[in-house]
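One structure is given here, and the rest of the page talks about it.
Coordinate-derived values only; no laboratory data. Since we're looking at a predicted model, the values are computed, not measured. Cβ placement follows ideal geometry from the backbone for every residue including glycine, while neighbour counts extend to all protein chains displayed.
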Amino acid sequence: MSGLWQADEAARATGGTAEGGWSATGVSIDSRSVAPGDLFVALVHARDGHDFVADALAKGASAAMVSRVPDGVDPARLLLVGDTQAGLEALGHAGRARSAARIAGITGSVGKTGTKAALAHGLAQQGEVHASAKSFNNQWGVPTSLAQLPRSADYAVFEMGMNRAGEIARLTRQVRPHVALITAIAPAHLAYFGDEAGIARAKAEIFEGVEPGGTAVVVGDSIHTPLLRNAAAAAGVERIVTFATDAPADWQARRLAADAAGSEVEATGPSGTFRFRIGLPGAHWVKNALGILATAEALGADVDALAQSLATVTAEPGRGRRHVLAVPGGEVVLIDDAYNANPASMRAAIDVLAMAPGRKVAALGAMKELGAGTLGQHAALAEPLRQAGVELVFTAGEEMTALAGTLAEPMRGGHGSGALDLVDQLRAALRPGDTLLVKGSLASGMGALVKALLEGGQG
């Protein structure tokens with residue numbers, strides 16, 4: 001991004017003061033990953049970003065947004081505001097206001113990050129695209145992504161997440177999408193909601209920010225579909241489009257063929273019938289593709305070109321990305337799905353493992369924030385694992401003892417109190433030709449297990 005923010009326009013956008021004539025080519029809230037030319041925003045949360053301003057500037061940041069002047073820092077390289085969180089949101093608001101891009105907002109209990117990436121992948125073949133980095137989907141990530149929005153973008157895709165009611169309402173009013181997509185409703189974050197209906201209502205807050213004349217795209221084969229449709233209508237969304245694989249909907253699909261690397265699909269929607277391949281495996285990706293096509297159509301993109309682009313989409317890190325792991329005598333395929341987990345995404349990952357060649361092995365960490373029914377939700381994974389033909393299951397974390405105790409004895413590979421306790425157990429058990437799935441909630445630390453296995457570190 002060239003000339004994303006000039007000092008004077010950033011000052012006007014935030015109501016702040018900038019003495020210098022700096023120009024920023026990006027926006028960062030993390031001094032560890034700041035890039036040359038970035039405007040570093042010194043947020044105050046768990047740690048005070050003002051303590052890292054000097055480091056960020058030394059790494060090449062052009063300037064820093066601060067609410068106080070840190071010792072030893074040149075004031076000419078500062079944007080002084082009253083509050084850096086409010087300043088970041090104001091900068092994001094200004095970035096959104098000056099953009100002529102067609103904008104999609106995405107949320108859902110599962111699939112939002114992969115769907116965002118796949119949609120952006122397809123749109124990039126039709127114009128300049130800006131998309132949320134990684135999982136920048138919260139009160140810091142969304143305004144940062146908006147502040148990074150280039151003036152020249154034709155399309156933008158923003159992900160929005162939540163742990164509690166009211167969070168998405170705030171985010172969607174910043175994004176103001178032309179199209180709002182809800183990928184799925186599933187039992188995630190149940191600890192903060194009484195039931196799935198509460199989750200659906202919180203996700204439906206995304207419709208409150210949809211631009212006039214915009215479109216709501218909602219999953220059409222969920223028991224919560226009526227709630228989502230009603231919420232969209234109540235928010236004044238003029239067009240509501242549904243997608244489903246197991247019920248009548250505006251967008252429907254049938255999987256013509258499936259293999260361990262993807263699916264051949266025929267999809268039908270208001271703009272026609274499209275045959276294409278998805279380069280990611282699993283029935284859940286067929287449904288994701290429908291939501292992507294419906295969103296692309298509502299954005300005014302070329303739907304067939306978007307559909308064809310899905311053949312070359314790749315899995316995001318920690319979300320099904322495959323690695324080759326060397327073991328004595330050969331290799332193992334490691335499916336890294338360790339970024340997050342809930343009961344729905346666990347079952348989807350197990351279905352993908354079922355299609356993999358060789359002996360099937362799973363290393364599963366706890367699913368967090370499930371509330372009172374957590375042990376039952378963990379134990380219930382035993383049956384899909386059995387049906388998938390998984391031969392060995394390794395578990396980590398207190399919640400996963402419920403699954404370990406439910407598994408048939410021959411399937412019990414081992415258990416650890418933490419993810420890294422499984423490193424040596426897995427090394428001893430894996431053999432050439434195996435496929436290993438690693439999955440768990442972010443807080444379960446299964447990503448560290450993947451890293452240790454790939455790097456050859458010790459448990």
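Details
- Among beta bridges from DSSP that stay inside the stretch 99-312, the antiparallel ones total about 40%.
- Per-bin percent of Cα-Cα distances, the stretch 99-312 [5 Å]: 1, 8, 17, 21, 22, 17, 10, 4, 0
- Global form of the stretch 41-156, assessed from the alpha-carbon gyration tensor, a/c cut-off 1.5: prolate
- Ordering A61, P75, S28 by the projection of their Cα atoms onto the charge dipole of the stretch 5-87, which places +1 on the Cβ of Lys and Arg and -1 on the Cβ of Asp and Glu, puts S28 at the extreme positive end.
- In units of the compact-protein estimate 2.2 N^0.38 Å, the chain shows a Cα radius of gyration of 1.02.
- Annotation for the stretch 248-297 versus the stretch 428-459: alpha-carbon center distance of 31 Å.
- FRET efficiency for R170 and A97, using Cβ-Cβ distance with R0 set to 22 Å, rounded to 0.05: 0.80
- Cα centroids of the stretch 374-392 and the stretch 113-177: 34 Å apart.
- Note on the stretch 321-455: Rg/Rh from C-alpha atoms, Kirkwood Rh, equals 0.93.
- The stretch 321-455 - charge dipole about Cα centre, Lys and Arg +1 at Cβ, Asp and Glu -1, debye rounded to 20: 240
- Using a Förster distance of 25 Å, the FRET efficiency for E9-A58 (Cβ separation, nearest 0.05): 0.50
- Extension gain for R239 to M411 (0.36 nm times residue separation, less C-alpha to C-alpha distance): 57.0 nm.
- Over the chain, dividing the summed -39,500 (n - 2.57) contributions of all DSSP H runs of at least 4 residues by the number of residues returns a 222 nm mean residue ellipticity of -9000 deg cm²/dmol.
- For the chain, size of Cβ-based charge dipole, Lys and Arg +1, Asp and Glu -1, in debye: 380
- Convex hull volume per residue, computed on the Cα atoms of the stretch 289-381, equals 146 Å³.
- Virtual paramagnetic centre 7 Å along Cα→Cβ of D304, amide N under 20 Å, in the stretch 270-287: 270-279
- Working from label points 7 Å from Cα in the Cα-to-Cβ sense, the Q387 to T312 distance is 3.7 nm.
- P(r) for the stretch 219-341, from all Cα pairs and a bin width of 10 Å, is 12, 36, 31, 15, 5, 1, 0 %, short bins first.
- By the count of other C-beta atoms within 10 Å, a proxy for reagent exposure, E205, E369, E238 are ordered fewest to most as E238, E369, E205.
- Here V423, V175, V44, V313 are placed in order of increasing Cβ neighbour count within 10 Å, fewest first, which gives V44, V423, V313, V175.
- Straight-line reach from K439: taking Cα to Cα under 22 Å and skipping same-chain neighbours fewer than 8 places apart, the lysines in range are K112, K116, K134, K287, K360, K368, K451.
- Put simply, the amide H of E128, placed in the peptide plane, has neighbours under 5 Å in D154, Y155, leaving out anything fewer than 5 places away on its chain.
- Debye log10 I(q)/I(0) for the stretch 5-87, one point scatterer per Cα, at q = 0.24 Å⁻¹: -1.15
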